[in-house]
1. Whats the longest run of the chain with zero GluC sites (Glu not before Pro) that are DSSP loop and have at most 12 other Cβ atoms within 10 Å?
2. Using a 10 angstrom cutoff on alpha carbons, build the Gaussian network for the chain and name the most mobile of GLY205, GLY63, GLY133.
3. Report, ordered by chain and residue number, the aspartates and glutamates lying within cross-link reach of LYS119, taken as a straight Cα distance under 12 Å and ignoring same-chain residues fewer than 8 apart.
4. Between the stretch 113-152 and the stretch 71-92, what is the separation of their alpha carbon centroids in Å?
5. For a 32 Å ceiling on Cα separation, which of these pairs sit above it: LYS49/LYS191; LYS19/LYS61; LYS47/LYS191; LYS47/LYS116?
6. Tell me the trypsin sites (Lys or Arg not before Pro) within the stretch 97-193 that lie in a loop according to DSSP and have at most 13 other beta-carbon atoms within 10 Å.
7. Using +1 at the C-beta of Lys and Arg and -1 at the C-beta of Asp and Glu, which of ASN94, LEU35, MET24 has the Cα lying farthest in the positive direction of the dipole of the stretch 5-106?
8. Mind pulling the per residue volume of the convex hull built on the Cα atoms of the stretch 5-106? Å³ is fine.
Amino acid sequence: MSIYEPYMARIRSGGTTPKESNDMLSEIRQVDLILTSVDRSDVKLNKEKELYPSIVSNVDKFGKRRFIFLPHTDVETGYYIEYQNYTYLATDKNNDPIYPELFAEVCNAEFPVLIKQMKYQTGTSDMGSPIWGYKDEIEMIPCVMTNQIYSALSNQPIPLPTGAMIMKIPYNPEHVIHINYAIKIRNSEYKTIDVAYQHVINEKGYVEVHLQREVDKKSER
């Protein structure tokens, strides 16, 4: 059966309005554009095995890219996109179901997130009471690491203060990110100073973890 048959069947069905027919024709054109394009690529979303046809274009070389998908493909900010052996994080999208597209940034680091804290007994006290120890279960996830922000007025990158860093990661309510949490990234010690959720809408999107590099006290002597 032709891939267009479901669309054509809906167009030919009785009671469709001119707008519905026009939308169906737009969907058919979009499907044909993507599936027959010489620029078509098949990408993965969120580590799934399924491949999604897409047209990929550069926004800023390979560091930022635009991914156009088939009509009604479920895409959201905070999604991972696997393309050409790189993992991208979707940080923007449009809301048109016929022309769904994501704008994504390449992941250039891994961020340790706390999944849960495991409690275990290490011994007993002199009174016979259990002594408990705790171990953090950490998951390393791909993230976008940057030392720049964009000015809303000039739309140009502005460097962050020395030692400051922002990590963009998918929003996941099961991931616990504590303030003043010490982490090591590329042989440098950092501490979380803020977690921003302004890019999370209806429990979907991504968060920005603000970090500050720890000063090595020994080097100051």
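No value in this document is a laboratory result; all are computed from the given coordinates. The structure displayed is predicted, hence computed values, not measured ones. When we count neighbours, we look across all protein chains shown, and the Cβ atoms used for this are built from the backbone with ideal geometry, even at glycine.
1. With GluC sites (Glu not before Pro) excluded where exposed in loops, the chain gives 51-173 as its longest stretch.
2. Evaluated over the chain, the most mobile residue of the options is GLY133.
3. Filter leaves ASP136, GLU137.
4. 28
5. Table pairs above 32 Å Cα-Cα are LYS49/LYS191; LYS19/LYS61.
6. ARG186
7. The one lying farthest along the dipole's positive direction is LEU35.
8. On the way: hull volume 10.5 nm³, N = 102.
Spread over its residues, the Cα hull of the stretch 5-106 gives 103 Å³ apiece.
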